[in-house]
1. Just one of [x] 64; [y] 54; [z] 58 is percent of Cα pairs over 16 Å apart calculated from these coordinates, so which is it?
2. Counting pairs of alpha carbon atoms under 8 Å apart in space and at least six apart in sequence, what relative contact order in percent does the chain give?
3. Please state the shape class of the range 34-84: rounded when a/c is under 1.5, otherwise prolate if a/b exceeds b/c and oblate if not, all from the C-alpha gyration tensor.
4. Based on the Cβ-Cβ distance from residue 82 to residue 24, what FRET efficiency comes out when R0 is 30 Å, to the nearest 0.05?
5. Take the chain, connect every pair of alpha-carbon atoms lying under 10 Å apart with a spring to form a Gaussian network, then pick out the residue of 11, 72, 53 with the largest mean-square fluctuation.
6. Grab the DSSP H runs of the chain that are 4 residues or longer, score each as -39,500 (n - 2.57), total them, divide by all residues and round the 222 nm result to the nearest 500 deg cm²/dmol.
7. Net charge within 13 Å of residue 53 by Cβ-Cβ distance, Lys/Arg positive one each and Asp/Glu negative one each, not counting residue 53 itself?
8. Arrange the peptides 33-39, 74-80 so that the one whose residues have, on average, the most other Cβ atoms within 10 Å appears first.
Amino acid sequence: MTAHEDLKDPSVERDQLRRALATQPVIDQAKGMLMLLRGWSAEQAFTALKTVSQHSNVKLYDVATVIVAAGSHAEPSLSDPATAKAVLTEVRRSVLGTAFGE
């Protein structure tokens, strides 16, 4: 099945929408945390999340999961601890400063 054919398949669209609905709350939480900590707009916070995702080569949802876990002093629910470390390193470097998540 080609990408063009996928657009015609309602089950593909349904699955994509379900994934979006499942991941959006964590992304919104992380975005809200950055807005609070940095005084940013929603757009600025989302741009920061995307930047961290791109620089660390980690999916946006996983970046958000790490940020929310670090902000609540919990362990992120990722299978690879190195991923969490890479995300926190990039967040500290490019967004927040060294105190976040320590």
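Every number here is computed from the coordinates shown, using simple stated rules; none is lab data. Fair warning: this is a prediction, and the values are worked out from it, not measured in the lab. Glycine gets a Cβ as well: all are built from the backbone with ideal geometry, and neighbour counts include every protein chain shown.
1. Recomputing percent of Cα pairs over 16 Å apart here picks out [z].
2. 22 percent
3. Cα axes put the range 34-84 in the oblate bin.
4. Working from the Cβ atoms, E equals 0.70.
5. 11
6. Theoretical 222 nm ellipticity from helices: -23500 deg cm²/dmol.
7. Net of charged neighbours comes to +1.
8. Ranking the peptides 33-39, 74-80 by packing returns 33-39, 74-80.
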